[in-house]
Amino acid sequence: VFHKHPLLTLKYFCLVCLKGFAWIAKFLAKHSIVIVAFLAIILGLYYMEGPHTTFMNKSWAFCIYASYWVFLGIASSVGLGTGLHTFILYLGPFMAKVTLKANICNAMPEFVPSRFETDVNFAPCEEFQGIPTISLWEIFWNLQLEAFLWGLGTAIGELPPYFVARFASMAGKMDEELQQLKDGKVETRLDKCKLFVYNNLLNHSFIVVLLFASIPNPLFDLAGLTCGHFLIPFWTFFGAAFIGKSLIKVNIQAIFVMILFSKHRMDAILAWIENMLPFLGNSLTDILEKQKRILRSGKVEEENKTWIQTAWEIFVI
């Protein structure tokens, strides 16, 4: 949509933003006394020294930390398919580092100086000898905060297509892609998939949005556009996107990363793959070990790479 009609898309996006700002201004004006009083109390507590200072500092650090992960989630999904892959760039490596350290220590690592720091650092621990006994569930539970916040951000980032299509529909216009599907103009297999999504969204909007939000797929923007155009209630669309992205999809990704970077579990999988595909030799094992070294040291190793290494590194990181 964006690459076909960028100016029209930006126009409706600006209209959505203006309407949103108008609603916020109206809300602030209506509740100005309560809001001013609340801000005065918060600022007073923040700048006044006392027994509450430690709690206020921790609360402020948590708010900044939470905003960081939500923003990364929004950046990942906003922009009608043009967003940054922040799971690969930020959340995935964070989960991998925690998993690696947990397996080295055979316990959840201690974050220093605080858990709520975007630069991940761990306290030293004695390296565990033998096969780690720490469970995937314990690691998984300790990654839930970042996973949930990032997933929440991805759900919020899916709102622009919904609102753009909604306002266009209210203005009596329809997106060109939706118009083609409505007219039954199907030329490729992808168009057939889009038509299937289009038809089912009209009758089972919550279930379809939930299913599409729960797995990585390129058709979710179409779901947002269709829901917006046919004025599907906001909470039906956002509720399904929120559950699918922040409670299901991101946890599937987290489990994959934990298994991938748990040495004793991944070694068995790699041995099976390399046994089934002898031409790989020990390539996958060597590459995975290299990625672990990079995550531990933060330094990229320069060397000539085979095509197998390049493909595997793209898949892993």
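Here the accessible area of segment 97-163 is 57 percent carbon and sulfur, with a 1.4 angstrom probe and all protein chains present. For segment 34-106, the solvent-accessible area with a 1.4 angstrom probe is 58 square angstrom per residue.
Loop-located trypsin sites (Lys or Arg not before Pro) in segment 82-139 (DSSP state other than H, G, I, E, B) with a sparse environment of at most 16 neighbouring Cβ atoms within 10 Å: ARG115. For a quick check: with amide H placed at 1.01 Å from N, whose amide H comes under 5 Å from PHE122's, ignoring anything fewer than 5 positions away on the same chain? It is VAL112, by chain and number. With every protein chain in place, what's the accessible area of HIS85 (1.4 Å probe, Å², nearest 10)? Rounded to the nearest 10, that gives 130 Å². Pairs over the 21 Å Cα-Cα cut-off, from the set LYS58/LYS101; LYS101/LYS263; LYS101/LYS245; LYS11/LYS245; LYS97/LYS290: LYS58/LYS101; LYS101/LYS245; LYS11/LYS245.
With r as the distance between the Cβ atoms of THR118 and ILE33 and R0 = 25 Å, compute the FRET efficiency 1/(1 + (r/R0)^6) and round to 0.05.
So the FRET efficiency works out to roughly 0.10.
Within the full protein context, the accessible area of ILE104 is estimated at about 40 Å² for a probe radius of 1.4 Å. Taking a sphere under 15 Å around the Cβ of ILE255 and counting the other residues whose Cβ falls inside, with K and R at +1 and D and E at -1, yields a net charge of 0.
The modelled label-to-label distance between THR236 and ILE248, using points 7 Å beyond Cα along the C-beta direction, is 1.7 nm.
The values are calculated or read from the model by the stated rules, or taken from the named source; none is laboratory data. Quick caveat, the model's predicted, so the values are computed rather than measured. As a convention, Cβ positions derive from the backbone with ideal geometry for all residues, glycine included, and neighbour counts pool all protein chains shown. To get the accessible areas, we keep the full protein, side chains included, count just its heavy atoms, and leave off ligands, DNA and RNA. Shrake-Rupley method; radii C 1.70, N 1.55, O 1.52, S 1.80 Å.
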